[in-house]
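Beneath this line is the structure, given in structure tokens, with notes to follow.
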Amino acid sequence: MLRRMATIATVVALVVAGCSSASTTPSPTTNAASGAPQTAAPTATPTAAPAKVTSINYWYWQDDVTDTTIQTLANQFEQLYGIHVNIQSSIAQPNFYQSLVNAIAAGNAPDATHLNTNMFGQLIQAKVLEPLNTQIDAWSGKADVIPSMWSFVKGPDGQTIYAMPNKFLMFYMYYRIDLFQKYGVTVPKTQEEFVAAAKALTHPSDKVYGFDIRGGANGQDQWAAFLVAGGAQFLDSTGKVAFSSAAAKTSNNLYISTYPDYTNPGAINDGYAQITSNFEAGTAAMIINHLGLAKTLDKWDSAKTGVALIPSATGDPTKTTYMGTMNANAVLAASTKKEAAFKWISFLAETQAQLAITKSTNGYLPVVTSVANDPQFASNKYMQISIQAAANSVTAWPPIPGTTVATQKTWQPLFQGALTGKNSADAVIDGVGNTLSTGK
Amino acid sequence: MIWPAINAVYLSFTSTNLLNLSEQTLIGLDNFRAMLADPVFYTALVNSLWWTFGAVFFQLLFGMIGALALNQNIKFRGLIRGLVLLPWATPSVLIALMWMWILDPNLGIANRMLGFIGIGAQPWLSDPGTALPTLIFIDVWFGIPFFAVMILAALQSVPHELLEAARIDGANAWNTFWRVVLPLILPAVLITTTLRLIWTANFFDLILILTNGGPANASLTVPLYAYQTAYRGMDFGLGAALAVAQAAFLAILVVLYMRQIRKSDIA
Amino acid sequence: MSAANSRASVSKVPQLSRIRPIYFLIAAWLVGVLGPYVWMFITSITPPSDLSSIILFPSHPTLAAFPSLLTETPFFEYLVNSIEVAVGTVVLTVACALLAGTALSRYRFRGRSVVLAGVLFMQLFPSILLIVPLYVELKTIGLIDNKIGLVLVDTAFALAFSTWLIKGFVDQIPREIEEAAYVDGCSKWQAFRHIILPLARPGITAAATYAFIYSWNEFLFAMTFTFSNSTRTMPVGLSLFVGENLIRWEFLTAGGVLASIPILIGFMYAQKGLVAGLSSGAVKG
């Protein structure tokens, strides 16, 4: 008797506590149900009418936890349209994509979500995102969106729009004016001049190195921005992957030639935190980044910071393509409240919201003309260099499945392998090109 | 509860895209064939072996020494026991960022300290040769308190009469430990070590944040590769196959352990 | 012999001959453990603009990170959630592990070794690969974005080791003591309550510590299965200070310092349970 009870006690303890073994297979049918019931906000806000307030779930990552811009906008939106936006912003950017994938797989996806360039491809391919062309055509704000912005949110067919442009960033070069003066170096315009400048700026005895190459996580963006300025292209005019080219290889070789002699110690692993702190500390004379860094530098000592276009193959900006990156908002195909969700993401692309986002903690480039021409940005050198770069030919990682794999998996080991001599420099180009075309 | 694990095994025989589960198909052993044909898998496997056994060996060694020290009647014992526990109770994201900052080749305190005492700057995580050992070092630092607490608890079941008897027989500290204490705490040490090996093999948060497997795969372990394959490459089937392959290795540990306790089980 | 006496005698053995080396060892250990935290604390009182130029101690230390952490971010709420989830996990894990561990130790029943091996099976996979089926399970029972759901998942994963650990401690308790108790007229429950429970106390303390810390540090489940500020836990809170273009070092480190306080106090109290068994002298004579 006791023995049997012991068995039961054991099994019950292990099974019950081990959470119910309700074994529902993750099936496509569960995808259809939106996760709203679980994550809906408890009875909206006090000001809203108690009955029939539509509530949508929106996922967003915040750069700075203390930034309240997006919540303020959601409150304004609710007052205007009576739609409550339940913002889920407590996922850090590095974990965002993985969390979104899990939520989609478990049938708990939000109605709308923030996305960036690197995430589009696989989502579009899996038909997780709702095509927005019809709604955008009917949207009053369409004409205000800078035309080139649409190319970053279109699927591989070049027609279907899957997301609403929201924040735009252009890559450019930051350099230390004081170090350039100290060592008598002029700002490089071509990529050969860039390598020469990196050499001339390197003075290990002063703990100064020419260029902090970003070899670690997500350094592919800086690298690709350099290569694109050097003449590389992701896709050809027909939309086929055409990354592997002589220009890409030449530029890649120049970029890699700075390592290890003219780059910071440990640069092979450097991420965003390292390149920015090395730049602020004056141990790195040049780095490549976008506007995201500007506010941090403004708090510090903006007078020491110079900005310039990324050195290019020819040195002539009008003959150069510059790389940007797009953060956009999409509606999930599984959402049952697509209209409300679209209303919200289109609201975020209208003048008032764009102005607020552009002025938020880190600052972004607006995607609409009415804000881009706002006079208050005329005195901001970071904003000006971004606009100057964007005035030329502009590209970004294409919204194809291979982009996610190439940027998140393929690039880093091959690039680091090229830096350490484990594989050739050209192997990086071929590997990334191959991943872009095959998605593997 | 066992379902998620069974599901992982099932997935390893399928082609699965988490974003599009309706297109899941059974593909037999294709994932395992792809895995065995992938040279990176072998790199990761060797790294995993070093990572797992290297980290756990030193954790056990220092944890044992630490437990013996904490078992003494020392001053401020409660406070000291609490303080040395701290690394274990710190989330790995913070541990990783803390050490990233300390070991930073340009601005970190570690190289500055080494400079003071006349040793040159070390590359730490940025050299393929030193990245994995550095990560193991951090994981040892992180894991010592776990062993210390578990062994400290086990030490309480050593009857004082036996220690007394050993002392009267003139056994020195080393002999007493080896002949009297160790056999008695061995069951606890064995289960702790077995599970710690399994957990360490599967633990990749530190590596993900600090090196993401780099430089050039020098610190890539099997579960990190499985994660990258599943969530970056969006090939969940192959990712599961990698995890299943490692689980098979680890299952050997469990079998060895079960056999060992069955032998010593006086039932 | 009384328990108090024997405790004194065990500590005397090494104390007389080797008091010095022990303190050197402890001191070295403390420096090794606390050094990184001290550095973290220094970082937290350094204004962000000086971060890259500090030598050893900041020239303008500031404690501003602490109040702004508490007022401008939901970190404190997360910390409270963490404590709740961790306490829930400890209670559930220890209760289940105690029952299961005792049963597995004391009784031979069919399927015993299957259960013993089975609880280890789950541990063989990296949890990231188990997360989608778990997600679906939690969703089915309606415990997504719910602290109870998190407690259940954490318990499920903490239970294997805790059960094995407690089983090991119960194994070590001589059956003769229990049998003597039965002769004295104790019931099964009384024997459990008055003999096994106190004698296995170090094991229970160790298991509780493990379950607490497991839940305290657990990041992946908390990040995936919770969404709102009323359910998010501290490790998720810390991860939010690392943005795409911004790392709030002062928040990270201040948060780390704050998060270690409950652990420190908790364990200073809990470690008293690591003292051997029958302090009440229940089996005297």
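The values are calculated or read from the model by the stated rules, or taken from the named source; none is laboratory data. Fair warning: this is a prediction, and the values are worked out from it, not measured in the lab. Note that each Cβ is placed from the backbone with ideal geometry, even for glycine, and that neighbours are counted across all protein chains shown. Just the protein is used for accessible areas: all its heavy atoms, side chains included, with ligands, DNA and RNA removed. Shrake-Rupley method; radii C 1.70, N 1.55, O 1.52, S 1.80 Å.
The table that follows gives values for the structure above.
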| read-out | value |
| --- | --- |
| Cβ-derived FRET efficiency at R0 25 Å, B:Ile2 paired with B:Tyr42, nearest 0.05 | 0.25 |
| R0 of 25 Å, Cβ-Cβ distance C:Arg193-C:Lys272: FRET efficiency to nearest 0.05 | 0.80 |
| Solvent-accessible surface ranking, highest first, for C:Glu218, B:Glu23 at 1.4 angstrom | B:Glu23, C:Glu218 |
| Cα lying deepest toward the dipole's positive end in the range B:3-264, options B:Tyr42, B:Ala67, B:Ile138, charges on Cβ | B:Ala67 |
| Carbon and sulfur %, accessible surface of the range C:64-274 computed with the full protein complex present, 1.4 Å | 67 |
| Translational D in µm²/s for the range B:3-264 (Stokes-Einstein at 25 °C, 0.890 mPa s, Kirkwood Rh from C-alpha pairs) | 117 |
| Residue-wise HN-Hα coupling along the range C:152-161, computed from phi with Karplus coefficients 6.51, -1.76, 1.60 (Hz; x: Gly, Pro) | 4, 5, 4, 4, 4, 7, 7, 5, 4, 5 |
| Calculated FRET value between A:Glu193 and A:Ser379, using beta carbons and R₀ = 22 Å, to 0.05 | 0.15 |
| Sequence of B:Thr130, A:Thr190 when ordered by accessible area, the most exposed leading, probe 1.4 angstrom | B:Thr130, A:Thr190 |
| Backbone N under 19 Å from the B:Leu61 label point (7 Å along Cα→Cβ), restricted to the range B:109-134 | B:130-134 |
| Solvent-accessible surface (1.4 angstrom probe) belonging to C:Tyr214, in square angstrom, nearest 10 | 60 |
| Inverse mean reciprocal Cα-Cα distance (Kirkwood Rh) of the range C:147-285, Å | 17.9 |
| Computed accessible area, A:Asp137, all protein chains, 1.4 angstrom probe, square angstrom | 100 |
| Number of partner chain Cβ atoms within 10 Å, mean per residue of B:140-147 | 2 |
| A:Gln88 long-range amide H proximity, modeled H, under 5 Å | A:Tyr58, A:Trp59, A:Tyr60 |
| Label-point gap, in nm, between A:Thr336 and B:Thr25 - each point 7 angstrom along Cα→Cβ | 3.3 |
| For chain A: accessible area per residue (Å², 1.4 Å) | 36 |
| Of all accessible heavy-atom area on chain A, the percent that carbon and sulfur account for (1.4 Å) | 55 |
| With eigenvalues of the C-alpha gyration tensor scaled by 5 and rooted, the protein assembly as shown, Å | 51, 33, 26 |
| Set of lysines near A:Lys337 by C-alpha distance (under 25 Å), chain-local residues within fewer than 8 positions excluded | A:Lys52, A:Lys127, A:Lys142, A:Lys154, A:Lys167, C:Lys139 |
| Those residues of the range B:61-83 for which accessible area with every protein chain present is at least 30 Å² below the isolated value (1.4 Å probe) | B:Ala69, B:Gln72, B:Asn73, B:Ile74, B:Gly78, B:Leu79, B:Ile80, B:Arg81, B:Gly82, B:Leu83 |
| For the range A:281-295, Karplus couplings with θ = phi - 60° (6.51, -1.76, 1.60), whole Hz, Gly/Pro x | 6, x, 8, 10, 8, 9, 9, 10, 7, 10, 4, x, 8, 4, 5 |
| Cα gyration tensor, the range B:1-156 - rounded (a/c under 1.5), prolate or oblate | oblate |
| Neighbourhood charge, 13 Å Cβ-Cβ cut-off, centred on A:Gly239 and excluding it, Lys, Arg +1 and Asp, Glu -1 | 0 |
| In the C-B interface, the accessible area buried, summed over both sides, Å² (probe 1.4 Å) | 7800 |
| q = 0.12 Å⁻¹, the range A:242-305: log10 I(q)/I(0) [Debye, one scatterer per Cα] | -0.40 |
| For the pair C and A, total buried accessible area rounded to nearest 100 Å², probe 1.4 Å | 4500 |
| All aspartates and glutamates inside 17 Å of C:Lys147 as judged from Cα atoms, apart from same-chain residues fewer than 8 positions distant | C:Glu77, C:Glu84, C:Glu137, C:Glu218 |
| Integer Hz, Karplus 6.51/-1.76/1.60 couplings in order for the range A:63-68, x for Gly and Pro | 6, 9, 4, 8, 7, 9 |
| Antiparallel DSSP beta bridges within the protein assembly as shown, as percent of all bridges there, nearest 5 | 65 |
| Placed amide H near A:Val394: partners under 5 Å, 5+ positions off or other chain | A:Tyr322 |
| Given charges at Cβ of Lys, Arg, Asp, Glu: chain B dipole, positive-most of B:Val84, B:Phe32, B:Leu224 | B:Val84 |
| Accessible area buried between chains A and B, both sides summed, probe 1.4 Å, in Å² to nearest 100 | 3100 |
